[in-house]
Each structure stands twice: as C-alpha cells, then as structure tokens.
Amino acid sequence: MGSAAVIAVAGALLLLHLSTIKSEDSALPHLTQKSTGFCTIFVDQNAYNCQEFVVQTEDGFLLGVQRLTARSAAASKGPAFLYHGLFLGGDIWVMNQPSESLAFILADAGYAVWIGNTRTTTFSYGHTSFTQHDQGFWDWCLDELARYDVPAMLKFVYSKSGQKIYYIGYSQGTQAAFAALSQGQQLLDIVEKFVMLAPVAYVNHATTPIGVAAVKLYADKILMALHINFFTFRSKTGRQLVDYICASMNMRCYGETISLLTGDNCCINATRRAFYDKYELQATSTKNLRHLAQQFRTGTFSQYDYGWWGNMQRYGSFNAPDYKLSHIPSNIKMMLIAAEKDSLATPPDVQHLLNELSYRPTFMSIPNYAHLDFVVGINANVDAYAKAMSFFQSQ
Ligand SMILES: *[C@@H]1O[C@H](CO)[C@@H](O)[C@H](O)[C@H]1NC(C)=O
C-alpha cells in the first residue's frame, strides 16, 4: 500500500476505535469557578500581593485575570500582561521558583503583573450561560481569542491601571495578538510594547511528531465528527487517541509526550516534573485544534474554515479570510524571541512571519531552546526574560 492509503486506513481505524469510547464527562477539566485558586496555590502571599479578577467577554466567557505585585518593590514600571499558550493556563508563568518564573521576576523588577487566562482553562471561571457540558462552551478557536479574549483582558487591565501595557505573549498567546492586531483591534492605544516568545502566525513547517501525525490521520476531523468537543491529554479518550497516533506512526511516545509535542527542550527541571504535571497540560477545544490543523494543511494564517457554504454565510466569501500581518501598523514596538529547536514555532515559519510584517521588529533566536524552555526553562530568566525587560526599558 502507498503511504496515503496506509494513513487513510489508520484514520478510519481511529474513527472506529474512538467511536467505541464513550465521551467521558467525568474526565472534564476541573474549572475553579471560585476566586481563590490561583493566588493561594501558586503565590507566596508574604512576598507578593495577589488579586483575582473576573473579566467578561462580549460572548459571555468569564476569564480569570490575576494581578501580582511584589511586597518589596513599588510597581512603578507600569502594567505587564502575560498571555499563555495552547494547552496551558496563566499558571505556567508561576510554575518555577520566584527567581526563574517570569511573573515573579517582573513583579520583583517593579511591574504590576497581570496574568491572562484563556476561556475554558483551569483558572478561568466558565461562562454566563454555558457549562462545560455544553457544546457552546467549546465552540471557539483562535478567532474568538483574537476578537474577544485579548481585547477584553487588555481593556480591563488598562482601565484598572490607566497606563499603557507591556505585553508578553507565548505561542498561541502571540498568535492571538497577531490576529487581533492584523484585524485592526485598537490595541496600540493601550499597549506600549509587545514581546512575542515562540512567535506563531504560520504553522505549516511544524515538525512536532504528535501534531503532524494527528493532522495526517485527520484526528481533528474525527473528534469533530464524533462530537467530542474538547481535547485533553488527561482524559481516557485523550490518552487513547495519543497512544493510537503513536502506534500507527510507529513512534515511541511513552513518557515522551512533551518533547514529541514541543521539540527537545534543553533546560527543564526534571525533578519538578510531577508538579508541572499536576496543572499542565490543560484542555482545549477540538475546534481550536482543528483550526490549527487547517492552518497546517493550507500554510495560511487565516480564520476558521467553515467550508464554502459556512464561509459564505459567515464571511461573505468561499474561503476563510487571511489575517493580514501587513495590516499591523508599522509604528508598533515589538520584539520577537524565537528558538532554533522549536518544533511548533519553527525557524522557517518564524521567518515567514517576519517577511509578512511591514516593520522590522527587534529579533533574536535562542540556539538551544525548544518550545517549552520559554516558560519553564530554568535559565529563561537570563536567556529570554532579561532581554524582554531591557527591550521594555529601552527608548
Ligand atoms: C528543580 O526542582 C526541584 C524540585 O522542585 C527544586 O528543589 C530545585 O531547586 C529545582 N532546581 C532549579 C535549578 O530550579
């Protein structure tokens, strides 16, 4: 058999295999839905002030936003806003020791640190009318993050602080900002500078073995066809899906899920693994993954493809419109920090992104880093965060 046929058969078997698993509500991610979780779990309140806020989006999601300041330092440098990536929550910024975690480092340096949490992640607060058992709760992708979550959180931070914001995004937290900016969301009036860690717009050169295999097997379409509205590595369905993908592609995934997703991270503290595993990886919507798979297949940075009929109704065109990076105003102040071993924000895709921008951002690439080193690397404080802070303070 040709490899296309092998893949088609493997995909069909996957469909059968998953359709026999009952979608398990018991494995749904735990949503805090209360105002204490984040600050009490992750923050030493003797050293930091930590406050919880709930920000409602125009489409009814209740996002968790936390504000951190150091008790030892006045927050004189203004607000910094941190936006996490796919399968993570805002807690990824406080996972390491204070000297290694970006949120604490910024607070110690005199920023008022605001931590964003995407809809449906662990430290958000749900929705005004949907529960996590409703399809509507999971009916979102990057488009909604760009249209609702990013503007809602930034406007909230600006309204509370009255000062322009220093934005630090990571992975999907950069892609959402690029999408929002290219659609003319009025963010430049409220954001002073952007730092994009592991910057993502295009994803078609991604080499992440699990991701590429999942796309080849049409796992995204299959999950949708089975009305499995969300995906998490923590559920039985999620684990069986990953096992199946690995077995079909002859990959040894046992214990290696993270590096097979992100590339070979150089600098993650293995002794801390159990602590990370308690909170990450978090659930995301199947639609969000499907949108990524569409972008991988087409090589475009565009809105969700609803098929020609759905696109016509929604967008007035047969194709889903592109996010036009060239529309981002050229007076924006932005730094991109990429990683050479990143299998998600790969060097060729980062280059493509740079080529599409109408301005020349400050740019650096870290040779030995892969995707996760940016958020939990033990030396990211020196390799990346110090660089971001000097960019913020530069004229
Ligand atoms: C690695 O994690 C362990 C367990 O949390 C911790 O005791 C140790 O200090 C960490 N090492 C570094 C370099 O952060």
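Each value in this text was obtained by applying a stated rule to the coordinates, not by laboratory testing. None of the values given here were measured: they were computed from a predicted structure. Positions of Cβ are generated from backbone atoms using ideal geometry, with glycine treated the same way; all protein chains shown enter the neighbour counts.
Filtering the stretch 63-94 to residues that are under 13 Å from Ser171 (Cβ atoms) and either of a type in the set (Phe, Trp, Tyr) or assigned to a strand (DSSP E or B) (or both) leaves Leu82, Tyr83, Phe87, Trp93. In this structure, Val94 does not satisfy being away from the ligand (no atom under 16 Å from the Cβ) and either surrounded by fewer than 22 Cβ atoms within 10 Å (Cβ to Cβ) or within 25 Å of Ala47 (Cα to Cα) (or both). Restricting the stretch 271-322 to residues that are over 21 Å from the mean Cα position of the chain (by Cα) and aliphatic (A, V, I, L, M) leaves a set whose member that is nearest to Gln172 (Cα to Cα) is Ala320.
The conditions of being within 16 Å of the ligand (Cβ to nearest atom), over 25 Å from Val203 (Cβ atoms), of a type outside the set (Asp, Glu) and surrounded by fewer than 20 Cβ atoms within 10 Å (Cβ to Cβ) are not met by Ser159.
Residues are listed down the side, and each one gets a yes or a no for (1) away from the ligand (no atom under 16 Å from the Cβ); (2) in contact (Cβ under 8 Å) with a residue 40 or more places away in the chain; (3) in a helix (DSSP H, G or I); (4) of a type in the set (Ser, Thr, Tyr):
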site	(1), (2), (3), (4)
Pro199	yes, yes, no, no
Tyr202	yes, yes, no, yes
His205	yes, yes, no, no
Thr237	yes, yes, yes, yes
Ile245	yes, yes, yes, no
Arg252	yes, no, no, no
Arg272	no, yes, yes, no
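For every residue, the table says whether it meets (1) free of Cβ contacts under 8 Å to residues at least 12 places away in the same chain; (2) over 21 Å from Thr207 (Cα atoms).
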| site | (1), (2) |
| --- | --- |
| His327 | no, yes |
| Met334 | no, yes |
| Ile337 | no, no |
| Gln351 | yes, no |
| Glu356 | no, yes |
| Thr362 | no, yes |
| Tyr385 | no, yes |
| Met389 | no, yes |
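Do we have Tyr276 as of a type outside the set (D, E, K, R), within 16 Å of the ligand (Cβ to nearest atom) and not in a loop (DSSP other than H, G, I, E, B) here? So Tyr276 passes the test.
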